[in-house]
1. Out of the residues in region 9-22 meeting the condition of being touching a residue at least 24 places away in the same chain (Cβ under 8 Å) and more than 16 Å from the chain's Cα centre (by Cα), tell me which one is surrounded by the fewest Cβ atoms within 10 Å (Cβ to Cβ).
2. Here is a check on your reading of the model: is G158 at positive phi, more than 12 Å from the ligand (Cβ to nearest atom) and not in a strand (DSSP E or B)?
3. Out of R129, R154, report the one residue that is touching a residue at least 60 places away in the same chain (Cβ under 8 Å) and among the charged types (D, E, K, R).
4. Report yes if L299 is among the aliphatic types (A, V, I, L, M) and either buried (at least 19 other Cβ atoms within 10 Å of the Cβ) or within 21 Å of the chain's Cα centre (by Cα) (or both), otherwise no.
5. Considering only region 237-264, state which residues are within 16 Å of the ligand (Cβ to nearest atom) and out of contact with any helix residue (DSSP H, G or I) (no Cβ under 8 Å at 6 or more places or on another chain).
6. Mind checking which residues of region 166-183 are open to solvent by less than 30 Å² (accessible area, probe 1.4 Å) and near the ligand (Cβ under 7 Å from one of its atoms)?
7. Of (1) more than 21 Å from L21 (Cα to Cα); (2) open to solvent by 60 Å² or more (accessible area, probe 1.4 Å); (3) at pLDDT 95 or above, L318 satisfies all except one. Which?
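The values are calculated or read from the model by the stated rules, or taken from the named source; none is laboratory data. In this text the structure is predicted, and so the values were computed from the model without any measurement. Every residue, glycine as well, gets a Cβ built from its backbone with ideal geometry; the counts of neighbours run over all protein chains shown. Remember, those area values only see protein heavy atoms, side chains included, never the ligands or the DNA or RNA. Shrake-Rupley method; radii C 1.70, N 1.55, O 1.52, S 1.80 Å.
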Amino acid sequence: MKVTDHLEQTKGKTLISFEVLPPLKGGGINSIFQGLDPLMEFKPPFIDVTYHREEFLYNIQPSGYYQKMAIRKRPGTVGICSAIMHHYGVEAVPHLICGGFTKEDTENALIELHFLNIHNVLALRGDARKFDEKFIPEPGGNEYALDLVQQIERMNQGIYMDPSIENGAKTDFCIGIAGYPEKHFESPNMKSDLKYTRKKIESGAGYIVTQMFFDNQKFFDYVSECRKEGIQVPIIPGIKPLTRKYQLASIPRHFYINIPDDLVKAINKATTDQAVKEVGIEWCVAQCKELKAKGVPCLHFYTMGDGATTKKIVEQVL
Ligand code: FAD
């Protein structure tokens, strides 16, 4: 079933969904199940699986020269999606990115998903690779998530890259996209960011999942800005608790979001790792309760492999 159908059928109820990361290379599928098992009692209608492209590492050699190595640390997105669907009978949503894919690679990946009965995707551009100053599309690949959405939508109409294919099988992908309550960091302003978000919706995307945020007002403002720009699709808040002190610096650095002063003060006051975690959980529970009271269609939790913490939060929200 499509994510958009689930969202349509909520009838005012707030759904609970999760995002998982493929394990580091060498890890097994059981780590995914162990993280998800305690969460299945919340009946998630869908589970997202992130996509991680290769990274370049520079290893110093005995000669003193550096050797450049391309390594994909977390492969397996499609396999994990398929395993989740078989194991739990729940829809899995693979994240699909532009980076590292030619359009031909993308087409082939979509064919594979279609054959596997996976009909939901979150279409993203991906970030710049470590050591690259900015995002560089693959030669012959999609430059923006908008181009990816358009490619998926063409396949939904049975149009493939090879013009000699007539009456190509029509795929039936439900397309989600990313949204940024605090604006995408490369955008000059929110209006510009939302212009492209609207284009993605007009091109066939059916819902938005947001970047994490710690101040609900940012999310509410974002939703009303979207509505003013004519973006009417469901907007799902992405939720992540702050659980470690170092995240006060790492989250703003990696995700370009603000952490409210009250939360910073409370985290800084906590003297043990456990106390920090409790503050983060308490804040997150309060956020979720307010979002739910305001009628968000779904709370989407970035589990980051920590199913136990996510469970603690969801139990207090439902
Ligand atoms: P785009 O929509 O392409 O936007 C990128 C920037 O370009 C924005 O500033 C936008 O305003 C601008 N822009 C968009 N279209 C155009 C255009 N046509 N012309 C000019 N400017 C334009 N990354 C991963 O690698 N793997 C994941 O699994 C993953 N999952 C994510 C899940 C969520 C919910 C979120 C919020 C992010 C995720 N990301 C993931 C990170 C994401 O790939 C990055 O945030 C990336 O920098 C932008 O992706 P996007 O799809 O929003 O890009």
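1. Here the residue is G12.
2. For G158, the condition - at positive phi, more than 12 Å from the ligand (Cβ to nearest atom) and not in a strand (DSSP E or B) - is met.
3. Values: R154 fails: touching a residue at least 60 places away in the same chain (Cβ under 8 Å).
After ruling out the rest, the residue left standing is R129.
4. Against the criterion (among the aliphatic types (A, V, I, L, M) and either buried (at least 19 other Cβ atoms within 10 Å of the Cβ) or within 21 Å of the chain's Cα centre (by Cα) (or both)), L299 qualifies.
5. Within region 237-264, G238, S250, I251, P252, R253, H254, F255, Y256 qualify.
6. Taking region 166-183 as the starting set, the residues that turn out to be open to solvent by less than 30 Å² (accessible area, probe 1.4 Å) are 168, 171, 173-179, 181.
Answer for region 166-183, where residues must be open to solvent by less than 30 Å² (accessible area, probe 1.4 Å) and near the ligand (Cβ under 7 Å from one of its atoms): I177, A178, G179.
7. Here L318 clears every test but (3).
Yes or no, residue by residue, for (1) in contact with a Gly (Cβ under 7 Å, 6 or more places away or on another chain); (2) near the ligand (Cβ under 9 Å from one of its atoms); (3) farther than 24 Å from A70 by Cβ; (4) at pLDDT 95 or above:
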residue: F101; (1), (2), (3), (4): yes, no, no, yes
residue: H114; (1), (2), (3), (4): no, no, yes, yes
residue: F131; (1), (2), (3), (4): no, no, no, no
residue: A145; (1), (2), (3), (4): no, yes, no, yes
